[in-house]
1. Rank-order 354-367, 199-212 by packing density, defined as the average count of other C-beta atoms within 10 Å over each peptide's residues, highest first.
2. Give, in nm to one decimal, the length gained when the segment between ASP364 and LEU152 is fully stretched (0.36 nm per residue of separation minus the Cα-Cα distance).
3. Can you give the net charge of the other residues whose Cβ lies under 10 Å from the Cβ of THR108, counting K and R as +1 and D and E as -1?
4. Anyone know which of GLN42, GLN70, GLN235 comes out most mobile in the 10 Å Cα GNM of the chain?
5. Could you give me the radius of gyration and the Dmax of the chain, taking only the C-alpha atoms into account and expressing both in angstrom?
6. Distance between Cα centroids, the range 41-118 to the range 365-414: provide it in whole Å.
7. Using a Gaussian network model of the chain with C-alpha springs under 10 Å, which one of LEU303, LEU74, LEU197 is most mobile by mean-square fluctuation?
8. What FRET efficiency, computed as 1/(1 + (r/R0)^6) with R0 = 22 Å and r the Cβ-Cβ distance, is obtained for ASP307 and ALA59, rounded to the nearest 0.05?
Amino acid sequence: MTGGTGDLAARRAAVLGPAYRLFYAEPVEIVRGEGVWLWDAQGRRYLDGYNNVASVGHANPTVVEAISRQAGVLNTHTRYLHPLVVEYAERLVATMPAGLDTVMFTCTGSEANDLALRLVTMATGRSGVIVTRTAYHGVTAAIAALSPSLGLGVGPHVRVVDPPVGGTTAEGERFARDVAEAADELAGAGHPVAALLVDSVLSSDGLVPDPVGFLEWAAREVRSAGGVFIADEVQAGFGRTGRMWGFERHGVEPDVVTLGKPMGNGHPLAGVVLRRELAEPMAARTRYFNTFGGNPVSCAAGLAVLDVVARDQLVEHSARCGRRLSEGVREVASRHDGGVEVRGVGLYVAVELASGEAASAVVDGMRERGVLIAATGPGGRVLKIRPPLVIDDSGVDLLVGALDESLAELGGLGVNAGS
Ligand code: PMP
């Protein structure tokens, strides 16, 4: 580690304390971004293969211009009338199934899930929640209790189900049956089920896109038990999957959708979209206000993101470029070890390796080759490849080439050794 970056890491540890983690044993100090590219403090350029926040590209000029223009005129909150807030909410619901007609703004995905939980708890009069085995839904106290990946266990009102394995129809059906059983158990434990909460791509479970339709089968079960289906689109939303929304692929219409990350392309904008009748019980009992949520500058950012996604046909691009990425990664993986499992949807590809150790060696190898990715999933053994949607064919090829070399370098660790 060179002097400046090393000093900064030490100062950071001293002042931010021990709960924060950095990527990489030798941290990367990023100072600038443009499109799919990032530059570190030493002037080295990296391909960003990880970032689904700056989804329409780092420092996207349309988004930057929209934010600066609005910041130069007015930024205030949602207790005054402002046309941008209304226009953005209208544009957002227009991208969703017809029944999802009401938008409530927050600043983070965690807050969106927290608000969704309050809304459905009040709407159903129930408290039980079903989540997936390695789910992550956020940092508030209520949502950390629904996020087993944090390693703190889950609350007594929560049941955890294993995601489908291997993408088979049988596994998708097993998942739906497990949801039904979990709902029964919750009822038996005095916490009747209020909601099934699932990330539409099961990102922190290591990316589980298949079998197509399994979320619809599971949603049916939770509804027949009296609960609702909340699609957490914080990861999947805004074109990532080659569809505008991840749930579309499964043919399911959620009762509630939570949004975040790419919504403002890095500007803190998030929210909940839901059916009006689910919003009413909370409104009858209390008010909703979030000081920063849905402010005019955030809404200008959100509108610019929707404009860029439409103008540059990024949903279609994500499907097409994602196929190239998936095919490239599959081809590379098949050459290195037939046992490596590759899962992909749109511009999100996961490579399951034998161990977290192997995955972190590949993440380091990619970094040395100028490509940033990360590892996730159970045991941290799943490579998470998730570039901004604006990546092009040459970026995909560069990424796949770096993966090829990094897997080759694994040597003794073996991609399929042991487990
Ligand atoms: N839901 C999912 C599926 C997420 O991946 C995340 C963030 N990783 C969140 C919710 C929480 O979002 P935030 O960090 O904006 O609070």
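1. 199-212, 354-367
2. Extending this stretch completely gives an extra 73.5 nm.
3. Within the 10 Å Cβ shell, the charges total -1.
4. Judging by the Gaussian network model, the answer is GLN42.
5. 21.2, 63
6. Computed from Cα coordinates, the inter-centre distance equals 28 Å.
7. Its mean-square fluctuation being the largest, the pick is LEU74.
8. Calculated value: 0.85.
Quick note: the coordinates plus some simple rules give every number you see, no bench work behind them. The shown structure was predicted, so the numbers you read here are calculated from the model rather than taken from an experiment. When we count neighbours, we look across all protein chains shown, and the Cβ atoms used for this are built from the backbone with ideal geometry, even at glycine.
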